[in-house]
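Below is one structure, written out as structure tokens; the observations come after it.
The values are calculated or read from the model by the stated rules, or taken from the named source; none is laboratory data. On a predicted model such as this, the values are computed, not experimentally measured, just so you know. Positions of Cβ are backbone-derived with ideal geometry, glycine not excepted, and every protein chain shown enters the neighbour counts.
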Amino acid sequence: MDFNDSPTEAAYRAAARAWLDTNAPLAAGERASPSDEAAHLREGKAWQACKADAGFACITWPRDWGGGGGTPIEQVIFDQEEARHGRSYPFFNIGLGMCVPTVMAFADDATKQRFVRPAARGDEIWCQLFSEPAAGSDVAASRTRAVRAEDGTGDWIVDGQKVWTSGAHYCDYGIVIVRTDPDVPKHKGLTMFWVDMTSPGIDVRPIHQASGGSDFNEVYFTGVRIPDSQRLGEVGRGWNVALVTLMNERLAVGGGSGTNWPELLALARATPGLGDGPASEDGGLRERIADWYVAAEGLKLTRYRAMTALSRGETPGPESSIGKIVSANQMQELSREALDRLDQFGIIVDPGNAAIQHTWFWGGALRIAGGTDEILKNIIAERVLGLPLDIRVDRDVAFKDIPRGA
Ligand SMILES: Cc1cc2nc3c(=O)[nH]c(=O)nc-3n(C[C@H](O)[C@H](O)[C@H](O)COP(=O)(O)OP(=O)(O)OC[C@H]3O[C@@H](n4cnc5c(N)ncnc54)[C@H](O)[C@@H]3O)c2cc1C
């Protein structure tokens, strides 16, 4: 394996770096704090538009649709360089990584012409309305239902509830999976639509988190009318559409970031240990830091493997699920150790602790979002290691006959 840039990749990296050096810097005082969501969103939208104008937004999308007309490896290179400038805005990840690619794959030309470019520029943001209170890991168990309107228009009337919808409170549009036929097995009676989040009957209720933020929402649908022209794919084939979204999710919900072993080592050197010296001299802690170092190196090499596959025009396979399992767990364990080191100061809200606390909260969230640890382990067991399949008792049963609670 050769992890070095090819001459073409090196030229692209140099161009991206030069553009970022000119356009990305923001003085400390000018930067919006992520805790001020409205200001952070405004700043993120301006940055997304600036990238789009220069061909650095949605690099793999066609230029005619507001993308950069580039390759997946160019996208990876730009992301690496952008990360060095600390310009990270989470508002666009789900829409641009998962929802709009699904629209591009299944919508008619007029819809794509209308929506893809404004999304690439960050002018309009999309959310993913899949999970429900009884359908998270098992999205195919969705109960939100759609029936044809009785007025002969062909429109659909949607009733039900979605949950954990990231960003629904600032999103303009969403893709929603609904049950259109309860008389067939669960995967066969689903249909996908795109929906205007300002439609009458949609009620978005933010969920308040322990971290103080409200990143996701409950979304209630009460008699929401959706024209049939907003259908993505065929009636009853929504699961196939969802698979395209979920395949993109594996690439979009990447590894974790935040506090890592170098910050923990620095903290251990600065805090007292069990004996007379600093904590970095304690045997137990040294061993744990060494384990986290090894895991971080393993993750780096796994990412290089995925990059090598991308640069050869291949798509990383189910084995890339290992990245999130390792990184999200490491984020949680390592930040817990760091908070312990800070003792009672660990729970104080203070700019000095903010990155560690943020890593601790997000480690837990990341272990669930985009497929829980257990679901990803199932994928690795079944599709990488070839172990026997998980037991699925509802495979050929009509959805309405699957036993459920009251
Ligand atoms: C930060 C964050 C953002 C999110 N954003 C969105 C979003 O924008 N849109 C959206 O639609 N959803 C979103 N989600 C929801 C997310 O997709 C679900 O939370 C996730 O799929 C798990 O579903 P669940 O919460 O219903 O848990 P469940 O599926 O009920 O799982 C409960 C527990 O059972 C385990 N389990 C379930 N099935 C199996 C099995 N077959 N084998 C072994 N163990 C199993 C799980 O691992 C878990 O530990 C988000 C979640 C988080 C945390």
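Exactly one residue out of Lys300, Lys324 is under 21 Å from the mean Cα position of the chain (by Cα) and free of Cβ contacts under 8 Å to residues at least 40 places away in the same chain, and it is Lys300. Against the list (1) in a loop (DSSP other than H, G, I, E, B); (2) of a type in the set (Lys, Arg); (3) closer than 30 Å to Gln230 by Cα, the condition Lys45 fails is (1). Please determine, by comparing only the residues of the stretch 108-127 that are outside any helix (DSSP H, G or I) and buried (at least 20 other Cβ atoms within 10 Å of the Cβ), which one is nearest to the ligand (Cβ to nearest atom). Taking the candidates together, the pick is Cys127. Annotation: of all residues in the stretch 128-147 being within 8 Å of the ligand (Cβ to nearest atom) and outside any strand (DSSP E or B), the one that is farthest from Gly236 (Cα to Cα) is Pro133. On inspection, Ile391 qualifies as near the ligand (Cβ under 10 Å from one of its atoms) and either modelled with pLDDT under 90 or within 13 Å of Gln332 (Cα to Cα) (or both). Confirm whether Gly346 is small (Gly, Ala, Ser) and modelled with pLDDT of 90 or more. Here the answer is no, as Gly346 does not meet what is asked.
When the stretch 148-172 is limited to residues that are hydrophobic (A, V, I, L, M, F, W, C) and either touching a Ser or Thr at 6+ places or on another chain (Cβ under 7 Å) or closer than 20 Å to Glu132 by Cα (or both), the one that is farthest from the ligand (Cβ to nearest atom) turns out to be Ile157.
Is it fair to say Thr153 is hydroxyl-bearing (Ser, Thr, Tyr) and not in a strand (DSSP E or B)? Yes, satisfied. Could you tell me whether the stretch 293-316 includes any residue that is surrounded by 13 or more Cβ atoms within 10 Å (Cβ to Cβ), among the hydroxyl-bearing types (Ser, Thr, Tyr) and out of contact with any helix residue (DSSP H, G or I) (no Cβ under 6 Å at 6 or more places or on another chain)? Yes, the stretch 293-316 contains a residue that is surrounded by 13 or more Cβ atoms within 10 Å (Cβ to Cβ), among the hydroxyl-bearing types (Ser, Thr, Tyr) and out of contact with any helix residue (DSSP H, G or I) (no Cβ under 6 Å at 6 or more places or on another chain).
When Asp64 is tested against (1) at pLDDT below 95; (2) in a helix (DSSP H, G or I); (3) buried (at least 18 other Cβ atoms within 10 Å of the Cβ), just one condition goes unmet, and that condition is (3).
Of the residues making up the stretch 368-388, those that are without any contact (Cβ under 8 Å) to a residue 40 or more places away in the chain, surrounded by 14 or more Cβ atoms within 10 Å (Cβ to Cβ) and more than 7 Å from the ligand (Cβ to nearest atom) number 2.
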